[in-house]
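Input: a single structure, listed below in structure tokens.
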Amino acid sequence: MQAEELAASFRDTINAIHGEISKEIVGQEETVLGALTGLAVGGHILLEGAPGLGKTLLVRTLAQVVSLSFARIQFTPDLMPADVTGTNILAQSGPDGQRDFVFRKGPIFANIVLADEINRATPKTQSSLLEAMQERSVTADGRRYQLDEPFLVMATQNPIEHEGTYVLPEAQLDRFLLKLIVPPPSLAELGAIVDRTTGRNIVELKQVISHDEILALQRTVREVPIAPSVRDFGLRLVTGSHPGTEFAPSDVTRYVRYGASPRAAQAIILCSKVYALMAGRFNVSKADIRKAAVPALRHRILMNYEADAQGITSDKIIETLLEHTEKLDRDPVGV
């Protein structure tokens, strides 16, 4: 298949999935786009928003439309790591009544796992996700169990109510491909939500894509070429997020404590490839890089106390970083 045909096929498939999701989800275009990007890349997504905005419904609907197994884990302070990964139980292992320990898989073994209100569990339980998210496997009692592909963790957290919550460790945040901010609906969107959910209409969702076709989409993403100059634009964004480096603007040096990791560069490049394919192109542009920068970097840049005191957010720093990096591209000597 030619490059143009691959891009067109990819775009048509994503549009078909988006169309089915839109039967259930009103608005939230950027959030849905981010979730589809995670699916196409095979990367985990962190959804942040107030209760009742449809975060859980979005993840469940996505799993239904793409015909993948789905599991929901409600994170609470008393949730244990074994409740996530699974545990060994004593069970009958033969016809003679012999009993032995058998591993019972936890909900993490689904294709799409919704970690609901992830910041309500203790750090010990949160860390039980790390191996699964990075290695696509679970280790129990010295034995390793491989997770089926595709595997995505989509976690939600409530930014408003902080009582009884735990800050996510930086190592865990870094495992998320994107962090998406879920906004409240507009007046028109709220009206559509109420009409859909208080009337007689029953939404019937179709399965748009198969398990093997999803894996094929993920392979297509990795085949998209990227010019060295475009790639380097993304890499300078990541390097410039570190205070004191040659590509860092003054605001980064003043307000940032730690910059983004190499995983951020991987996330920007992979997501920009998805955005190019969604636009029907089999090549990455700087516009794709710019589109990927904020959701890929916002949870990987740690702000210092001065930034917190002045209300300077990572999103604001990323916008400044984008402007500075674009100036470097236009005038590499004069900036």
inquiry  = Which of ALA248, ALA188, ALA265 ends up with the largest GNM mean-square fluctuation for the chain, with Cα atoms connected below 10 Å?
reply    = ALA188
request  = Return the label of the correct value of semi-axes √(5λ) of the Cα gyration tensor in Å, as calculated from the structure shown, out of [x] 31, 25, 22; [y] 34, 25, 22; [z] 41, 27, 22.
outcome  = [y]
key: Cα-based helix-to-principal-axis angle, 29-41 vs the chain, degrees rounded to 10   = 70 degrees
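Find me the longest stretch of the chain that has none of the exposed GluC sites (Glu not before Pro), where exposed means in a DSSP loop (not H, G, I, E or B) with at most 15 other Cβ atoms within 10 Å. Kindly include the intermediate steps, with their values, before the conclusion.
Details: sites that count: GLU161, GLU163, GLU204, GLU246.
Longest run free of exposed loop sites: 1-160.
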Proximal lysines relative to LYS327, as straight alpha-carbon distance under 28 Å, when same-chain residues fewer than 8 apart are discounted = LYS179, LYS273, LYS286, LYS291, LYS316
task = Give the angle, between 0 and 90 degrees and rounded to the nearest 10, that separates the Cα long axis of helix 228-240 from the longest principal axis of the Cα atoms of the chain.
result = 80 degrees
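How much of the DSSP bridge set in the chain is antiparallel, in percent, rounded to the nearest 5?
Numbers: 13 of 31 bridges.
Around 40 percent of the beta bridges assigned by DSSP in the chain are antiparallel ones.
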inquiry  = I need the phi-derived Karplus couplings for region 136-141: 6.51 cos²θ - 1.76 cosθ + 1.60, θ = phi - 60°, integer Hz, Gly and Pro marked x.
reply    = 6, 7, 10, 10, 9, 6
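In what order do ILE193, ILE21 fall by count of nearby beta-carbon atoms within 10 Å, going from fewest to most?
On the way: ILE193 17, ILE21 22.
Ranked by crowding around the Cβ, least crowded first: ILE193, ILE21.
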message = What is the ratio of the Cα radius of gyration of region 224-330 to 2.2 N^0.38 Å, with N the residue count, to two decimals?
response = 1.04
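Here, each number is a calculation from the coordinates, and none is a lab measurement. Owing to the predicted nature of the structure, the values given are computational and were not obtained by experimental measurement. As a convention, Cβ positions derive from the backbone with ideal geometry for all residues, glycine included, and neighbour counts pool all protein chains shown.
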